[in-house]
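Engineer: Right, I'll just put the structure down here and ask away after.
The values are calculated or read from the model by the stated rules, or taken from the named source; none is laboratory data. A quick note: this is a predicted structure, and the numbers were derived from the prediction, not measured. Virtual Cβ from ideal backbone geometry, glycine too; neighbours counted across all protein chains shown. These accessible areas exclude ligands, DNA and RNA; they are computed on the full protein's heavy atoms, side chains included. Shrake-Rupley method; radii C 1.70, N 1.55, O 1.52, S 1.80 Å.
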Amino acid sequence: MKKNAGYLAALRTLMKEHAIDCVIISGTDPHQSELPPLHWRGREWLTGFESENGTNGTAVVLADKAYVWTDSRYFIQATDQLRDTGFEMMKEDGPDAINLIDWVTENVKEGQTVAIDGMTFSISWAQRLEQELSDNGIKLNDRFAPFDSIWPERPERPKNKLFVHDENIVGESVDSKMSRLMQAVKGELANAVLLSALDDIAWATNVRTAGDIAFSPIFVAYLYVDDSRRILFVDKEKVSVEVDGHLRKYNIEVMPYETVLDFVQTLPKETRLLIDPEKTSRGLYDNLGCTPVFGGADIAKLKSVKNDTMIENVKTAMRKDGVALTRFFMMVEKEYPSGKLTEVGLGKRLREFRLADPSCVDESFAPILGWNEHGAIVHYEATEESDVAISGNGLLLVDSGGQYTYGTTDITRTVSLGTPTDQEKHDFTLVLKGHIALSRAIFPKGTRGGQLDVLARQFLWNEGKAYYHGTGHGVGFFINCHEGPQSIRLNDVPTPLEPGMITSNEPGLYLEGKYGIRTENLIVTRQYETTEFGDFYNFETLTLFPYDTTLIERGIMTQEEIDWVNEYHAKVYSELSPLLNAEEQEWLKSRTQKI
């Protein structure tokens, strides 16, 4: 077994000491972060199923068995990384999915105890678990926090300095945001709010940091707001002189991060505190002394709808990103014949091209660069062990993005190096047709992403092919690359798409052991027209970089699809060419010729 066998044994010893028969370990933190700081990445440390980008998964450990539930993006990676660790992978989506809570209730006996660390599970999830366990005569211990005991080298909470995000770029002051925030709070029949989600807090305060969470400029904190007080619970050593002045300007008090539990215990009963049960921890909820009000959907929507200033600045970020990508792919084409390029090396070079622009603070996630069969691993991360040379014929999938002060980018391009096969071209074109269909959608007000999702999948389904990840996720504004509440996916998400929401458009196809294809742009919902039937919306494409036209099978494209590609490429050249030198302009011109 791998080195984590000793960690697993230590956990089981602790379970026995506390009369625990089964422990469930989340992959997140007290803020339900998609990518938690290292301090809270105990599930990855314990199981060995990990990556720089983080991995989605929940571990279940019994006295003689151990499992990790994960989604279809990670099936191949998890199968490999969990081999000989004592953990077995379980599928949480797809046709062979097994529900974790159902499995636990079926495999733990009546009278036994299941334990969780309530600080790292949401209220909603913990309540579902507790109800199922109770119905089956199983006890729940929600205060089991093993990692301080069994993880001696556990990293401390991050202490990075904060900085102010220029309000000229944001286009809205903190006072304005707080006013809209409290209006939303009162609309949900509450008189105060506690924000736990780190992206919500960064949005509300116009404050950012670098380093608390990889690839996202958000920071570890809680934020309490009512009509008379605004309190930021954050480690005080993180507050720079600049940020202190900014917070004082907007009457935001600073209290130590760890005092938040004591604070909520002292809130009077008449305080109707709005908390989002999907984003707030069960542990914090257990400490409330006031009256909780479950909600928060309107607050999430405030952040998801970008104002005109933000959208114009995102367009600036897209131009900068397009320049970096032009230089990167030019380099790939020039150096590819040497046989010296590797996946890991390309990732480093891509980072250098992006960060050459001073407004790029970081990548928005660790780049996914998959050559041939590695492209079929949806969230592949090249490591020194998995790294391969880029040589011969094949497809290179590059999924990457940047955190610019002007906005967040996320783009995927699949390119052919060498001579593509007819099947590669056919599959690429099926994916592109779905991508175009979604880009061209016109839909009435109130439409949800799930109602548009089939547009991107239809051409694959017609040939008995499919992908199982979402087609589109919301994107933050110099916050998280993945943001809610809107999305475009098979399962229905109740949030309608509204003007100002930025969402990805990324259908794909993955043939294990052969190649992967994904094509991704960011799109913003716009007002299209108003008729006697009401308001209609469409999408404006924000991303600026060409598709690999050598992979397009023109014969299965409609004239409307061909026209769309040609118009898009004309826009790409028009927007990027003034920012490029003569050689770069010539390269881009050749890649944006009409098909």
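Engineer: Run down SER304, SER338 and say which single residue is hydroxyl-bearing (Ser, Thr, Tyr), closer than 19 Å to ASN521 by Cβ and out of contact with any His (no Cβ under 7 Å at 6 or more places or on another chain).
Structural biologist: Only one candidate passes the filter, namely SER304.
Engineer: Sticking with this structure for a sec: Kindly check whether there is at least one residue in the range 405-417 that is under 23 Å from the mean Cα position of the chain (by Cα), open to solvent by 20 Å² or more (accessible area, probe 1.4 Å) and more than 25 Å from GLY94 (Cβ to Cβ). Give the steps one after another, and end with the answer.
Structural biologist: Going through the range 405-417, the residues under 23 Å from the mean Cα position of the chain (by Cα) turn out to be 405-414.
Cutting the leftovers down to open to solvent by 20 Å² or more (accessible area, probe 1.4 Å) gives us 405-406.
Still in the running and more than 25 Å from GLY94 (Cβ to Cβ): 405-406.
Yes, the conditions are met somewhere in the range 405-417.
Engineer: Still on this structure, please answer the following. Picking from ALA366, ALA389, which residue would you name as being more than 22 Å from the chain's Cα centre (by Cα) and over 21 Å from PRO507 (Cβ atoms)? Working first, answer last.
Structural biologist: Working: ALA366 fails: more than 22 Å from the chain's Cα centre (by Cα).
Only one candidate passes the filter, namely ALA389.
Engineer: Just to be sure I understand the filter: pairs with C-beta atoms under 9 Å, separated by 6 or more residues or on different chains, first member in the range 559-571 and touching a residue at least 40 places away in the same chain (Cβ under 8 Å), second member polar (S, T, N, Q) and open to solvent by 40 Å² or more (accessible area, probe 1.4 Å). Which pairs pass?
Structural biologist: These pairs meet every condition: VAL565/THR549.
Engineer: Could you identify the single residue in THR55, THR120, THR85, THR70 that is polar (S, T, N, Q), more than 24 Å from the chain's Cα centre (by Cα) and open to solvent by less than 20 Å² (accessible area, probe 1.4 Å)? Write out each step before concluding.
Structural biologist: Working: THR55 fails: more than 24 Å from the chain's Cα centre (by Cα); THR120 fails: more than 24 Å from the chain's Cα centre (by Cα); THR70 fails: more than 24 Å from the chain's Cα centre (by Cα).
After applying the criteria, what remains is THR85.
Engineer: Of the conditions (1) open to solvent by 60 Å² or more (accessible area, probe 1.4 Å); (2) not in a helix (DSSP H, G or I), TYR537 satisfies every one except a single condition; which number is it?
Structural biologist: Unmet condition: (1).
Engineer: A follow-up question, please. If you scan the range 247-292, which residues turn out to be hydrophobic (A, V, I, L, M, F, W, C) and within 19 Å of ILE116 (Cβ to Cβ)? Don't jump to the end; show me each part of the working.
Structural biologist: Taking the range 247-292 as the starting set, the residues that turn out to be hydrophobic (A, V, I, L, M, F, W, C) are 247, 252, 254-255, 260-261, 263-264, 267, 273-275, 284, 288, 290.
Residues satisfying the conditions are LEU261, ILE275, LEU284, LEU288.
Engineer: Can I ask one more? Collect the residues in the range 95-117 that are assigned to a loop (DSSP other than H, G, I, E, B) and surrounded by 20 or more Cβ atoms within 10 Å (Cβ to Cβ), keeping them in residue-number order. Walk me through it before giving the result.
Structural biologist: Let us first name the residues in the range 95-117 that are assigned to a loop (DSSP other than H, G, I, E, B), namely 95-99, 108-112, 116.
Correct list: VAL108, ILE116.
Engineer: Can you name every residue in the range 125-153 that is farther than 15 Å from PRO30 by Cβ, among the small types (Gly, Ala, Ser) and modelled with pLDDT of 95 or more?
Structural biologist: Those that are farther than 15 Å from PRO30 by Cβ, among the small types (Gly, Ala, Ser) and modelled with pLDDT of 95 or more: SER134, GLY137.
Engineer: Which of the following residues is modelled with pLDDT of 95 or more, in a helix (DSSP H, G or I) and either of a type in the set (Asp, Glu) or touching a helix residue (DSSP H, G or I) at 6+ places or on another chain (Cβ under 8 Å) (or both): MET182, MET178? Give the steps one after another, and end with the answer.
Structural biologist: Details: MET182 fails: either of a type in the set (Asp, Glu) or touching a helix residue (DSSP H, G or I) at 6+ places or on another chain (Cβ under 8 Å) (or both).
Selected residue: MET178, the only one of MET182, MET178 that is modelled with pLDDT of 95 or more, in a helix (DSSP H, G or I) and either of a type in the set (Asp, Glu) or touching a helix residue (DSSP H, G or I) at 6+ places or on another chain (Cβ under 8 Å) (or both).
Engineer: Right, something else. Which condition breaks for GLU532 when tested against (1) without any contact (Cβ under 8 Å) to a residue 40 or more places away in the chain; (2) touching a Phe, Trp or Tyr at 6+ places or on another chain (Cβ under 7 Å); (3) surrounded by fewer than 17 Cβ atoms within 10 Å (Cβ to Cβ)?
Structural biologist: It is condition (2) that GLU532 fails.
Engineer: Hey, which of the strands (runs of 3 or more DSSP E) in the range 189-305, taking only ones fully inside, have at least 1 residues that are within 29 Å of GLN403 (Cβ to Cβ) and open to solvent by less than 20 Å² (accessible area, probe 1.4 Å)?
Structural biologist: On the way: elements: 192-195, 207-209, 222-226, 230-233, 253-255, 272-275, 291-294.
Output list reads 192-195, 207-209, 222-226, 230-233, 272-275.
Engineer: For the range 393-404, enumerate the residues that are under 19 Å from the mean Cα position of the chain (by Cα) and assigned to a strand (DSSP E or B). It would help to see each step written out before you state the result.
Structural biologist: In the first step, residues of the range 393-404 are kept if they are under 19 Å from the mean Cα position of the chain (by Cα); the result is 397-404.
Once the filter is applied, which keeps residues that are under 19 Å from the mean Cα position of the chain (by Cα) and assigned to a strand (DSSP E or B), the range 393-404 yields LEU397, VAL398, ASP399, SER400, GLY402, GLN403, TYR404.
Engineer: Here's a follow-up. On the basis of being out of contact with any strand residue (DSSP E or B) (no Cβ under 9 Å at 6 or more places or on another chain) and either in a helix (DSSP H, G or I) or charged (D, E, K, R) (or both), does GLU385 make the cut?
Structural biologist: On the way: out of contact with any strand residue (DSSP E or B) (no Cβ under 9 Å at 6 or more places or on another chain): yes; either in a helix (DSSP H, G or I) or charged (D, E, K, R) (or both): yes.
The answer is yes for GLU385.
Engineer: Consider the range 411-468. How many of its residues are of a type outside the set (Ser, Thr, Tyr) and closer than 30 Å to PRO337 by Cβ?
Structural biologist: Step one: of the range 411-468, the residues of a type outside the set (Ser, Thr, Tyr) are 411, 413, 415, 417-418, 420, 422-428, 430-438, 440-446, 448-466.
Pick out the ones that are also closer than 30 Å to PRO337 by Cβ and you get 411, 413, 415, 417-418, 420, 422-428, 430-432, 435.
Final tally of qualifying residues: 17.
Engineer: Could I ask something else about it? Count, please, the residues in the range 508-529 that happen to be open to solvent by 20 Å² or more (accessible area, probe 1.4 Å) and closer than 18 Å to GLU312 by Cβ.
Structural biologist: So the first thing to find is which residues in the range 508-529 are open to solvent by 20 Å² or more (accessible area, probe 1.4 Å), and the list is 510-514, 526-529.
Next, from what is left, pick out any that are closer than 18 Å to GLU312 by Cβ: 526-527.
Of the residues in the range 508-529, 2 are open to solvent by 20 Å² or more (accessible area, probe 1.4 Å) and closer than 18 Å to GLU312 by Cβ.
Engineer: Could you tell me which of the residues GLU583, GLU575, GLU553, GLU561 is over 30 Å from SER33 (Cα atoms), at pLDDT 95 or above and surrounded by fewer than 13 Cβ atoms within 10 Å (Cβ to Cβ)?
Structural biologist: Values: GLU575 fails: surrounded by fewer than 13 Cβ atoms within 10 Å (Cβ to Cβ); GLU553 fails: surrounded by fewer than 13 Cβ atoms within 10 Å (Cβ to Cβ); GLU561 fails: surrounded by fewer than 13 Cβ atoms within 10 Å (Cβ to Cβ).
It is GLU583.
Engineer: In the range 189-203, is there at least one residue being of a type in the set (Phe, Trp, Tyr) and under 27 Å from the mean Cα position of the chain (by Cα)? Even if it seems obvious, please write down each step before you answer.
Structural biologist: Of the range 189-203, the ones of a type in the set (Phe, Trp, Tyr) are 203.
Next cut, under 27 Å from the mean Cα position of the chain (by Cα) only: 203.
Yes: one or more hits.
Here's the yes/no breakdown for (1) of a type in the set (D, E, K, R); (2) more than 22 Å from GLU561 (Cβ to Cβ); (3) not in a helix (DSSP H, G or I):
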| site | (1), (2), (3) |
| --- | --- |
| LEU430 | no, no, no |
| ILE436 | no, no, no |
| LEU455 | no, no, no |
| GLY470 | no, yes, yes |
| ILE517 | no, no, yes |
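Engineer: Residue under question is VAL493, and the condition is that it be among the hydrophobic types (A, V, I, L, M, F, W, C) and surrounded by fewer than 23 Cβ atoms within 10 Å (Cβ to Cβ); does it hold?
Structural biologist: Details: among the hydrophobic types (A, V, I, L, M, F, W, C): yes; surrounded by fewer than 23 Cβ atoms within 10 Å (Cβ to Cβ): yes.
When the stated conditions are applied, VAL493 passes them.
Engineer: Let me ask you something else. Looking only at the range 321-373, which residues are part of a helix (DSSP H, G or I), open to solvent by less than 10 Å² (accessible area, probe 1.4 Å) and touching a helix residue (DSSP H, G or I) at 6+ places or on another chain (Cβ under 6 Å)?
Structural biologist: Answer for the range 321-373, where residues must be part of a helix (DSSP H, G or I), open to solvent by less than 10 Å² (accessible area, probe 1.4 Å) and touching a helix residue (DSSP H, G or I) at 6+ places or on another chain (Cβ under 6 Å): GLY322, ALA324, THR326, PHE328, LEU350, ARG354.
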